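Some notes on the structure that comes next.
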Ligand SMILES: [Zn+2]
């Protein structure tokens, strides 16, 4: 949990970004992508012990606040993306949350909620999700499995959690130990497919748990490799004029400062790409 503050402090020291507190998401909006019963039970604290175990955090009022703020941040980043071309949330990317249950430290699927909210407003019809966390975006894949207007793409490590994979529209799985070169060439194969879909908005789950130092990741990416990954994604979104929403996702390096640096680099790269473009 300490990485969230570290990332914010690193970016604050850059003196470039203006931060806004995330507002709590309205439970009615959360229920656009989740079973209303699941939403209610989580908010009330009445989920079963096994459902809480699957999420992985003990239930508390603080967890409820944090969870709603995390979704609220992605909703605000979505509005920024629609207005300015891109927006970011220094949390979110909770892609293991399914429609009716949470898992793997994910309670609600902030990206799925944001897409359903945009569509409920008639703002977009087609959306894409590029999930580059080292773990498969299984909850996201399940939520949109039968939805032809949402492209779900996951590039992950085959042997990692979740051990029972779901079916994204596009899945690319890498072997243990894959490095920058293999990773970036896989990304290069995927990016044209993202834009061929002609999404009206692109959500980027920018997990950095593919880093070599990550305790859960099993890949061997470097900081430079991750920066190049981010640059290619953002430059492509910019070139195609598709609004981009950046969410954090996973990262569990030991020491955790290595993860925080990689997350901060994602936002620094966004600054370079989108600021240069604007000027
Ligand atoms: Zn992950």
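Side notes on the structure shown:
- Flag if residue 263 is more than 19 Å from the chain's Cα centre (by Cα) and at pLDDT 95 or above: no
- Test: residue in the stretch 253-263 that is away from the ligand (no atom under 16 Å from the Cβ) and in a helix (DSSP H, G or I): yes
- Test: residue in the stretch 98-114 that is assigned to a helix (DSSP H, G or I), more than 16 Å from the ligand (Cβ to nearest atom) and touching a strand residue (DSSP E or B) at 6+ places or on another chain (Cβ under 9 Å): yes
- Residues that are within 16 Å of the ligand (Cβ to nearest atom) and assigned to a loop (DSSP other than H, G, I, E, B) were ranked within the stretch 130-151; the one that is surrounded by the most Cβ atoms within 10 Å (Cβ to Cβ) is 137.
- In the stretch 13-24, the residues that are under 16 Å from residue 75 (Cβ atoms) reach residues that are loosely packed, with under 13 Cβ neighbours inside 10 Å with C-beta atoms within less than 7 angstrom, at least six apart or across chains, in these pairs: 24/65.
The values are calculated or read from the model by the stated rules, or taken from the named source; none is laboratory data. Computed from a predicted model, the values in this text were never measured in an experiment. Reconstructed Cβ throughout: ideal geometry from the backbone, glycine too, with neighbour counts over all protein chains shown.
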